[in-house]
1. Being farther than 17 Å from residue 22 by Cβ and among the hydroxyl-bearing types (Ser, Thr, Tyr) is the filter here, so list the residues in the stretch 83-109 that pass it.
2. If residue 12 meets every condition in (1) of a type in the set (Ser, Thr, Tyr); (2) over 16 Å from the mean Cα position of the chain (by Cα); (3) more than 17 Å from residue 139 (Cβ to Cβ) apart from one, which number is that one?
3. Is there any pair linking a residue in the stretch 167-182 that is open to solvent by less than 60 Å² (accessible area, probe 1.4 Å) to one that is not in a helix (DSSP H, G or I), with Cβ under 8 Å and at least six apart or on different chains, and which?
4. Tell me which helices (runs of 4 or more DSSP H) are completely within the stretch 37-135 and hold 1 or more residues being in contact with a helix residue (DSSP H, G or I) (Cβ under 6 Å, 6 or more places away or on another chain) and under 17 Å from residue 175 (Cα atoms), or say none if there are none.
5. Just to verify a result, which residue in the stretch 1-30, among those that are part of a loop (DSSP other than H, G, I, E, B) and touching a residue at least 24 places away in the same chain (Cβ under 8 Å), is most open to solvent (accessible area, probe 1.4 Å)?
6. Quickly run through the stretch 95-118 and pick out the residues that are touching a Gly at 6+ places or on another chain (Cβ under 9 Å), among the aliphatic types (A, V, I, L, M) and under 15 Å from residue 85 (Cα atoms).
7. Take residue 33 and tell me if it is surrounded by 14 or more Cβ atoms within 10 Å (Cβ to Cβ), of a type in the set (Lys, Arg), part of a helix (DSSP H, G or I) and in contact (Cβ under 8 Å) with a residue 60 or more places away in the chain.
8. Looking at (1) open to solvent by 30 Å² or more (accessible area, probe 1.4 Å); (2) closer than 19 Å to residue 181 by Cα, find the lone condition where residue 143 falls short.
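The values are calculated or read from the model by the stated rules, or taken from the named source; none is laboratory data. Just so we're clear, the structure is a prediction, and the values are computed from it rather than from any experiment. In this analysis, Cβ positions are derived from the backbone assuming ideal geometry, glycine residues included, and neighbour counts consider all displayed protein chains. Remember, those area values only see protein heavy atoms, side chains included, never the ligands or the DNA or RNA. Shrake-Rupley method; radii C 1.70, N 1.55, O 1.52, S 1.80 Å.
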Amino acid sequence: VICIILCMAIPYLLGSVNFALVISKVFYHDDIRKYGSGNAGMTNALRTYGIRHAAIVALIDILKTVLAILLAKWLVGWHWGFVIGSLFAITGHLFPVYYGFKGGKGVLCGLASLLMVDWRIGLLVVAVFAVVVAICKRVSLGSICACASAPLWCLLLGVPGLHTVYVTLAASWLIWCHRSNIKRLLQGKEPK
């Protein structure tokens, strides 16, 4: 029971560390959520502070999720460790306890989870993202399409059932987190 509690708590607390917010506070004495989309994620960091800080945010989001999954795996084993560690790292990123439960949209945490399942799926999802963004010039649409493609890649590459079900649910959740973007896309108001 203690291992399961730790398996939930540690990934959640790791996921709650939001480096878009940390960078805005430490380097700019400001809150990134006041600018752009109002979101504390990598895309808004790119728009607000530039590529260098956005790259740091992306790297930390991926690394914190990988660390959360590895710790959970060590506590309860690979299959459930992956599911619980990934779920709570993403939850922490979306609803960080340190920042009033207002975080990013979890796409990079989701990517890190996919890389842990099968690195090929991670690369395929990145390829979908890159193609959509190159054509449409909208990061949100690229993220939505990448999330939507993840379960398909899991099925095509024969990922174990538990992980495929989890990826499908997590991808659906991340798409739901983009509902305001979807509304703007349908209205033709989503910025490039």
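1. 86, 91
2. Here residue 12 clears every test but (2).
3. Filtered contacts from the stretch 167-182: 167/159; 174/105; 174/106; 177/105; 177/106; 178/105; 181/190.
4. Because the criterion is at least 1 residues that are in contact with a helix residue (DSSP H, G or I) (Cβ under 6 Å, 6 or more places away or on another chain) and under 17 Å from residue 175 (Cα atoms), the helices (runs of 4 or more DSSP H) in the stretch 37-135 that meet it are 42-49, 78-94, 107-117.
5. Taking the stretch 1-30 as the starting set, the residues that turn out to be part of a loop (DSSP other than H, G, I, E, B) are 1, 16-18, 29-30.
Among the residues that remain, those that are also touching a residue at least 24 places away in the same chain (Cβ under 8 Å) are: 16-18.
Details: 16: 0, 17: 46, 18: 3 Å².
Per the criteria, the residue is 17.
6. If the condition is that a residue be touching a Gly at 6+ places or on another chain (Cβ under 9 Å), among the aliphatic types (A, V, I, L, M) and under 15 Å from residue 85 (Cα atoms), then 108, 111, 112, 114, 115, 116 are the ones that fit.
7. yes
8. Just one mismatch for residue 143, condition (1).
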